[in-house]
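Quick notes on the structure that follows.
No lab work stands behind these numbers, since they all come straight from the coordinates. What you are looking at is a predicted structure, and each value in this text was computed from that prediction instead of being measured. Cβ coordinates were reconstructed from backbone atoms using ideal geometry, including for glycine residues, and neighbour counts include every protein chain displayed.
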Amino acid sequence: MTIKVGDKLPDTGFMVMTAEGPAKKSTADVFAGKKVALFAVPGAYTPTCQQQHMPGFVARVDDLKSKGVDLIACTAVNDIFVLTQFAKDTGAAGKIVMLADGNGDFAKALGLDIDLSGFGLGLRSKRYAMLVDDGVVKVLNVEDSPPQHDKSSAETLCSMIDRSLG
């Protein structure tokens, strides 16, 4: 079953990078009591993710925060070391929290996993963007195909936030 607007996020976990190294964070640790703009990339360093999707969110950090978003986070079925370097290389470090879903548990629990084995990528997350308020999905935009990024762009999410938080 795929998550939808009005649903509470599933209780899974992520790996994040801290000053002391990798650490586990639960869904509640990340989302409880906060408005979070969450987006997923099918894979760090893949062309659309690196050249368009992530840069769009980096460019819109101030816009998202001005709309009441407390945290901007990116998740991918990659390990935290790859995501940490991806954040540095895209200018997202210190602006966007990287949530590593290395085994795809979060993507599967959302029903937003995709099998990209035909491209040598294995299990990944579909590309999406959502606004989550205290763990509840308020906006959800899922792409039909991994190379697409219009529905899940920062620009599209920004345009929908005022209506959902109103």
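Observations on the structure shown:
- Near pairs, Cβ below 7 angstrom, 6+ apart or cross-chain, from the stretch 76-87 (farther than 14 Å from residue 24 by Cα) to any residue that is aromatic (Phe, Trp, Tyr) and assigned to a loop (DSSP other than H, G, I, E, B): 86/45
Each row is one residue, and each column tells you yes or no for (1) under 22 Å from residue 116 (Cβ atoms); (2) in contact with a Gly (Cβ under 8 Å, 6 or more places away or on another chain).
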site: 8; (1), (2): no, yes
site: 34; (1), (2): no, no
site: 42; (1), (2): yes, no
site: 60; (1), (2): no, no
site: 63; (1), (2): no, no
site: 94; (1), (2): no, no
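- For the stretch 100-127, a residue qualifies if it is part of a strand (DSSP E or B) and buried (at least 22 other Cβ atoms within 10 Å of the Cβ), and the qualifying residues are 100, 124, 125.
- Any chance residue 75 is assigned to a helix (DSSP H, G or I) and touching a strand residue (DSSP E or B) at 6+ places or on another chain (Cβ under 8 Å): no
- Subset tally (residues that are farther than 23 Å from residue 103 by Cα and assigned to a helix (DSSP H, G or I)) for the stretch 52-72: 12
- When residue 57 is tested against (1) aromatic (Phe, Trp, Tyr); (2) within 21 Å of residue 24 (Cα to Cα); (3) buried (at least 21 other Cβ atoms within 10 Å of the Cβ), just one condition goes unmet, and that condition is (2).
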